[in-house]
Amino acid sequence: SPSIIETDAVIVGAGPVGLFQVFELGLLEIKAHIIDSLAYPGGQCIELYPDKPIYDIPAVPMCTGKELTDNLLKQIEPFGATFHLGEEVTTVQKQGEGPDARFFVETSKGTQLLAKAVFIAGGVGSFQARTLKVDGIEAYEGEQVHYRVKDPSRFAGKNLIVMGGGDSALDWALNFCAGNADGNPHKAESVILVHRRDGFRAAPASVAKMRELCDAMEMQFIVGQATGLEESGGRLTGLKITGSDGITRIVPCDEVLAFFGLSPKLGPIAEWGLALERKQIVVDTEKFETSVPGIFAVGDVNTYPGKKKLILSGFHECALAAFGAAPYVFPEKRILLQYTTTSPKLHKVLGVE
Ligand code: FAD
């Protein structure tokens, strides 16, 4: 059996809030392991809006999701947290009670840890793109049917169907379209946008641009839903699109890009015996502790009266949760608040002496 890693704290989720939890624990000299099912840190900031600007981080007038993540990683560097990426936490189990209580944590890859405190920063849960509901489509997923764009160049010169009515669908449809004249190296041969209704949840400017391109016959927009597929010789050759008029048309294509959003899948977190309210973990607002003493929940995953799902709220929660957990990690120690500006001890842990 694999050896069990003993540590002070385990953080479930390496989104912005999980990353800042490392920092707040580090100041109190609490060592952490941090685990994320994604292959990279950053959570929603990286997965959903790496290049979009964020304007409401205190004292940072503007930064992108990627910049925020990079800066958090830099800020937590002194604390040397161990990252386990590409592993989903499947089990969190309390063993024993009182000062000797430990939490057994296990991941989908078989990593096992024993911690004195657990911090759940799981956000909206493990990311799962909503998929196209068409019989037989699975065979083409990752081949000709895509729910995210990893490598835009593979779509150059292809006939594309882009599905969805949100920003991702519109942004990519415009990006791959002929009208994107600023030297776009990934121009597709043709772009057909398909959405179930003639109304969008995307930026009005993008919608206007899309309509302009349709008028110029550089893009096509079809109201309808995919109800079947066309194949030939093991290749997907088109989709059957049923319009609001009830008529089904065959729309040929080389590749399908479907952006139906992410379904919030709390996943295994729901099975750890914690009190939940509408798929969120109930916490107090003193320590952000869950119904199980020693397990804390911070960021988008928690709920309490007045909760706002904002990064800055998550950061505040991390500070209080760290203080809340300190007695579990250091039962003998009195924990005092110190300032990073003036405390020689904090300078030492930050490595800025
Ligand atoms: P997340 O960022 O969701 O990260 C959670 C991580 O936990 C994920 O990486 C997930 O893979 C991982 N995870 C979940 N379950 C497990 C498991 N069992 N095992 C391992 N890993 C697991 N907020 C602002 O304050 N300002 C903004 O301007 C802003 N703009 C936004 C724009 C968009 C388009 C979106 C979608 C959100 C925006 N937000 C904004 C909200 C902000 O992104 C979230 O509040 C923030 O990401 C929450 O951080 P988190 O760390 O709690 O969770």
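Brief remarks on what is shown
- The set of residues in the range 115-138 that are in a helix (DSSP H, G or I) and touching a residue at least 24 places away in the same chain (Cβ under 8 Å) contains only 137.
- Residue that is more than 8 Å from the ligand (Cβ to nearest atom), in contact (Cβ under 8 Å) with a residue 40 or more places away in the chain and out of contact with any strand residue (DSSP E or B) (no Cβ under 9 Å at 6 or more places or on another chain), where the choices are 27, 68, 85: 27
- Residues of the range 52-59 include none that is surrounded by 22 or more Cβ atoms within 10 Å (Cβ to Cβ), under 15 Å from the mean Cα position of the chain (by Cα) and either within 11 Å of the ligand (Cβ to nearest atom) or closer than 29 Å to residue 166 by Cα (or both).
- Test: residue in the range 312-335 that is at pLDDT below 95 and either among the hydroxyl-bearing types (Ser, Thr, Tyr) or within 30 Å of residue 159 (Cα to Cα) (or both): no
- Among the residues here, residue 155 does not qualify as of a type outside the set (D, E, K, R), surrounded by 21 or more Cβ atoms within 10 Å (Cβ to Cβ) and closer than 30 Å to residue 3 by Cα.
- Cβ pairs under 7 Å, 6+ apart, first in the range 296-314 and on the phi > 0 side of the Ramachandran plot, second within 8 Å of the ligand (Cβ to nearest atom) and part of a loop (DSSP other than H, G, I, E, B): 299/15; 299/121; 299/123
- Filter result for residue 46 (near the ligand (Cβ under 7 Å from one of its atoms) and either within 15 Å of residue 89 (Cα to Cα) or not small (Gly, Ala, Ser) (or both)): no
- Hey, residue 32 more than 9 Å from the ligand (Cβ to nearest atom) and under 19 Å from residue 87 (Cβ atoms) or not: yes
- Restricting attention to the range 315-343, the residues being within 16 Å of the ligand (Cβ to nearest atom) and closer than 15 Å to residue 287 by Cβ number 7.
- Within the range 270-305, being modelled with pLDDT under 95 and of a type in the set (A, V, I, L, M) holds for one residue alone: 270.
- Residues in the range 249-269 that are part of a strand (DSSP E or B), surrounded by 14 or more Cβ atoms within 10 Å (Cβ to Cβ) and at pLDDT 95 or above: 251, 255, 256, 257, 258.
- Residue in the range 96-114 that is assigned to a helix (DSSP H, G or I) and either in contact with a strand residue (DSSP E or B) (Cβ under 8 Å, 6 or more places away or on another chain) or not assigned by TED's automatic domain parsing to the domain that holds residue 20 (or both) present: no
The values are calculated or read from the model by the stated rules, or taken from the named source; none is laboratory data. Since we're looking at a predicted model, the values are computed, not measured. Methodologically, a virtual Cβ is constructed for each residue, glycine included, from the backbone with ideal geometry; neighbour enumeration extends over all protein chains shown.
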